[in-house]
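Reviewing the structure listed below.
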Amino acid sequence: DVCSSDLFHEFPKPTIAMIRGYCIGGGMGLATCCDLHIATEGSKFAVPAAKLGLGYAYPGLKRLVDVVGPSFAMEIFYTARQFTAAEAQAMGLVNRVVPDGELESYVKGYAETIAGNAPLTIKAVKAVVSEMLKDESRRDLDRAQAAVVACFKSNDYEEGRRAFMEKRKPVFTGT
């Protein structure tokens, strides 16, 4: 499983899969480890395991099921066909589809938007969602709650409320 080390999934910052062209097999597995997925209109997605006689273990299938749900995951594996970017977006595999020549600028702008928001809030959302996706017996709900509490105790919470009242853009420091 591409995500077995959880390097992408457990990474404390948001991760974005920037997809151009073919996203097949292991490439698709790696993409599903990321938080967000942005692809070009011409991108193609597939897991050709059924055409090769390959079996996929629980971790690899679990990640795909978490992203697209069981029915689409089975369709992807059962048919082993290539899906267009529009189909992938309809499945929930892709968050956004952009014209082929605009991928880098779109992802840069998307990342800047995320970076302009409160870092502790982003961290808390990532922590809570990460725990949700774990098997129930492995969830650390105290970790998730601590991340939320940290938001409310932060200077950024005060700054966000003050900026809202003053009708200005907040300046977050992550503290």
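The values are calculated or read from the model by the stated rules, or taken from the named source; none is laboratory data. Note that this is a predicted model, so its numbers are computed, not measured. Positions of Cβ are generated from backbone atoms using ideal geometry, with glycine treated the same way; all protein chains shown enter the neighbour counts. Note: areas computed on protein heavy atoms with side chains; ligands, DNA, RNA excluded. Shrake-Rupley method; radii C 1.70, N 1.55, O 1.52, S 1.80 Å.
Before moving on, here are some points about what is shown:
- Hydrodynamic radius of segment 10-74 by the Kirkwood approach over all distinct alpha-carbon pairs: 12.6 Å.
- By the equivalent-ellipsoid construction on the alpha carbon gyration tensor, segment 80-175 comes out with semi-axes of 31, 24, 9 Å, ordered largest to smallest.
- For the chain, a simple Cβ point-charge model (Lys and Arg +1, Asp and Glu -1, everything else neutral) yields a dipole of about 200 debye relative to the Cα centre.
- Most positive-pole-ward Cα, L141, G69, G26, against dipole of the chain from beta carbon charges: L141
- Scalar couplings 3J(HN,Hα) for segment 36-41, obtained by applying the Karplus form with A = 6.51, B = -1.76, C = 1.60 to θ = phi - 60°, are 10, 9, 10, 10, 7, 4 Hz; x denotes Gly and Pro.
- Alpha-carbon Rg/Rh ratio, for the chain, with Rh computed the Kirkwood way: 1.03
- As a length-normalised measure over Cα pairs under 8 Å and 6 or more apart, the relative contact order of the chain settles at 20 percent.
- Modelled FRET efficiency - R0 35 Å, R168 with D135, Cβ distances, 0.05 increments: 0.20
- Straight-distance crosslink candidates among lysines, where the alpha carbon sits under 29 Å from K51 and sequence neighbours closer than 8 are dropped: K62
- Surface accessible to a 1.4 Å probe, C151 within the full protein complex, Å²: 20
- Estimated translational D of segment 93-147 in µm²/s (Stokes, Kirkwood radius over Cα pairs; 20 °C; 1.002 mPa s): 160
- For segment 129-173, the normalised intensity computed at q = 0.15 Å⁻¹ comes to -0.53 (log10 of I(q)/I(0), Debye sum over alpha carbons, equal scatterers, no solvent).
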